[in-house]
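Trainee: Please find one structure pasted underneath; my questions will follow.
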Amino acid sequence: MEIKSIILAAGKGTRMKSETPKVLHEIYGKPLLGYVLDNVKNITSENFVIVGHHAQEVETYVEKNYSDAKTILQSPQLGTGHAVSMACPYLKDYTGLVLILCGDTPLITEETLSKFVDFHKNSNSDLTVMSTIFDNPTNYGRIIRDADNTLKCIVEEKDATPEQKKVKEVNAGIYCLDWGKIKNAFSELKSNNAQGEYYLTDIIEWGKKHSLNVNAFILENNEEIYGINSRINLAEATKILTKRVLNNLMLNGVTIVDPDSTWISADTEIGQDTIIYPSTYIEGKNKIGKNCKIGPCAHLRGGVEIQDNIKIGNFVEVKKSVIKSNTNVGHLSYIGDSELGSHVNIGAGTITANYNPLNKVKSKTILEDGVKIGSNTVLVAPVKVEEGANIGAGTVVTKNVPSWALGITRSPLKIFENWVKDKLKQL
């Protein structure tokens, strides 16, 4: 059965204290919304993102990065139920399943969403809500069950009675709907609540009244629905995601010398027997091969492809570059918008000057196989150093260097004997 999604991303996120829409705040260089869209991409055929606050910024991000997603404006913003109803005209004749998610929950996994959909199908549900258990359920909507333990309704905390607030099973904010049977609910929701809003949670009660099969799927790992409402939440979510990523890497044969000081994005692949040294930060999407040594204090900024048996030294920064096998990049170097061949050696303090501040164009540096770059070299892109060429230390390379040649810019050394003694005598 076909599955589509509706992702709620219209909120302002007041507690973030930011001009940036909440769903565009980033973890490892990827917006929160991107995590949600990536985790549904293998499950859904089409995704609708409901936008509102700073809608144009969110629309631009979605259009640039996701061909299977469409943004829909919610204005004014009258609650979560109203937000979902914005997608109704686009799903008028659709009869498959619809997943509803929040755009500020980056920790939800594709595996969990797949299990959730399977539960919905196997239970012959018309409507399934994801729930979880919190020892401290403050600020979450409570799952209220009937005497026979079936799902009765969801009550928002601001509308809950003191007894209902004691319930520890809460709404995780993710739904799976048989759209053909549930879609009429969105034209019948009422706003008679403390906020005067149309609550998405009211579709549970609507489904019960219409004798539909309504169920709740209990998520075991409640960390997955951790929502981002403040910078504190953002930092905590980053720690949770980092621990998950590092543990997975170590279980698959990567050595992380000090997990407490190492930060690696979920979109980075790393091969077996690679060692990541302390205080290394790897963001964005990258691919690192086998038997590499990265760091300490290295920074990979995304778009980096590193093959096998490569050493990235301490305080090295690499961005949007391909580095082939058996190459070393010495400490205190910057490699950006570059292609490095195999068996290349980059001396300490080497910089690829890839950015022209006048026209804002970034150009490429190409170093072919076997090239040797001396320390403190500046490679002014666009430039190519061909196979086997050597560049002397301290050189500024402004034009292409042919194969097996030596490139060097160095003034003759001048020595003034007894200069120091003469100066001391003058004091």
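The values are calculated or read from the model by the stated rules, or taken from the named source; none is laboratory data. As the structure is a computational prediction, the values presented were derived from the model and not from experiment. Positions of Cβ are generated from backbone atoms using ideal geometry, with glycine treated the same way; all protein chains shown enter the neighbour counts. The accessibility values were calculated without ligands, DNA or RNA, using every heavy atom of the protein model including side chains. Shrake-Rupley method; radii C 1.70, N 1.55, O 1.52, S 1.80 Å.
Trainee: Please enumerate the residues belonging to the stretch 34-58 that are part of a helix (DSSP H, G or I) and under 25 Å from ILE154 (Cα atoms).
Mentor: Passing the criteria: VAL36, VAL40.
Trainee: Turning to a different aspect of this structure: Among the residues of the stretch 319-331, which ones are surrounded by 18 or more Cβ atoms within 10 Å (Cβ to Cβ) and either hydrophobic (A, V, I, L, M, F, W, C) or at pLDDT below 95 (or both)?
Mentor: Listed by number, the residues that qualify are ILE323, VAL329, GLY330.
Trainee: Taking the stretch 72-86 as the search range and keeping residues that are in a loop (DSSP other than H, G, I, E, B) and open to solvent by less than 30 Å² (accessible area, probe 1.4 Å), which one is farthest from VAL155 (Cα to Cα)?
Mentor: So, considering only residues that are in a loop (DSSP other than H, G, I, E, B) and open to solvent by less than 30 Å² (accessible area, probe 1.4 Å), the one farthest from VAL155 (Cα to Cα) is GLN74.
Trainee: Does the stretch 322-334 hold any residues that are in contact with a strand residue (DSSP E or B) (Cβ under 6 Å, 6 or more places away or on another chain) and in contact (Cβ under 8 Å) with a residue 24 or more places away in the chain, and which are they?
Mentor: Scanning the stretch 322-334 gives a single hit, GLY330.
Trainee: Any residue in the stretch 59-71 that is at pLDDT 95 or above and part of a helix (DSSP H, G or I) sitting within a Cβ distance under 8 Å of a residue that is open to solvent by less than 30 Å² (accessible area, probe 1.4 Å) and of a type in the set (Gly, Ala, Ser)? List the pairs, counting only those 6 or more apart or interchain.
Mentor: Pairs found: TYR61/GLY34; VAL62/ALA69; ASN65/GLY34.
Trainee: When you go through (1) over 27 Å from the mean Cα position of the chain (by Cα); (2) of a type outside the set (A, V, I, L, M); (3) open to solvent by 70 Å² or more (accessible area, probe 1.4 Å) one by one for GLY407, which number turns out not to apply?
Mentor: The one condition GLY407 does not meet is (3).
Trainee: Please go through the stretch 119-144 and give me each residue that is among the charged types (D, E, K, R) and free of Cβ contacts under 8 Å to residues at least 40 places away in the same chain, ordered by number.
Mentor: Step one: filter the stretch 119-144 for residues among the charged types (D, E, K, R), giving 121, 126, 135, 142.
Passing the criteria: ASP135, ARG142.
Trainee: Another one. For the stretch 258-280, name all the residues that are open to solvent by 40 Å² or more (accessible area, probe 1.4 Å), assigned to a strand (DSSP E or B) and not hydrophobic (A, V, I, L, M, F, W, C).
Mentor: Answer for the stretch 258-280, where residues must be open to solvent by 40 Å² or more (accessible area, probe 1.4 Å), assigned to a strand (DSSP E or B) and not hydrophobic (A, V, I, L, M, F, W, C): just GLU269.
Trainee: Taking the condition crowded, with 16+ Cβ neighbours inside 10 Å, closer than 16 Å to GLU156 by Cβ and of a type in the set (Val, Ile, Thr), does ILE182 pass?
Mentor: No, not satisfied.
Trainee: Out of all the residues in the stretch 1-30, which are in a strand (DSSP E or B), open to solvent by less than 10 Å² (accessible area, probe 1.4 Å) and either more than 17 Å from GLU63 (Cα to Cα) or free of Cβ contacts under 8 Å to residues at least 60 places away in the same chain (or both)?
Mentor: Correct list: ILE27 only.
Trainee: What are the residues in the stretch 1-16 that are in contact with a Lys or Arg (Cβ under 7 Å, 6 or more places away or on another chain) and under 14 Å from LEU234 (Cα atoms), if any?
Mentor: Within the stretch 1-16, GLY13, MET16 qualify.
Trainee: Do you know which residues across the stretch 31-57 are among the hydrophobic types (A, V, I, L, M, F, W, C), open to solvent by 10 Å² or more (accessible area, probe 1.4 Å) and within 25 Å of GLY79 (Cβ to Cβ)?
Mentor: Correct list: ALA55 only.
Trainee: Is it the case that ILE240 is of a type in the set (A, V, I, L, M, F, W, C), over 23 Å from LEU332 (Cβ atoms), assigned to a loop (DSSP other than H, G, I, E, B) and under 16 Å from the mean Cα position of the chain (by Cα)?
Mentor: no
Trainee: Let me ask something else about it. Among the residues of the stretch 395-427, count how many are farther than 26 Å from GLY374 by Cβ and not in a helix (DSSP H, G or I).
Mentor: Of the residues in that region, 4 qualify.
Trainee: Would the stretch 230-247 turn up any residue that is at pLDDT 95 or above and touching a His at 6+ places or on another chain (Cβ under 7 Å)?
Mentor: Among the residues of the stretch 230-247, at least one is at pLDDT 95 or above and touching a His at 6+ places or on another chain (Cβ under 7 Å), which makes the answer yes.
Trainee: Here is a follow-up. Where residues in the stretch 281-318 are part of a loop (DSSP other than H, G, I, E, B) and among the basic types (Lys, Arg), which of them is most open to solvent (accessible area, probe 1.4 Å)? So that I can check it myself, show each step before the final result.
Mentor: Filtering the stretch 281-318 down to residues part of a loop (DSSP other than H, G, I, E, B) leaves 283-285, 289-292, 295-298, 301-303, 307-310, 313-316.
Going one step further and asking which of them are among the basic types (Lys, Arg), we end up with 285, 290, 301.
Details: LYS285: 149, LYS290: 107, ARG301: 89 Å².
By that ranking, first place goes to LYS285.
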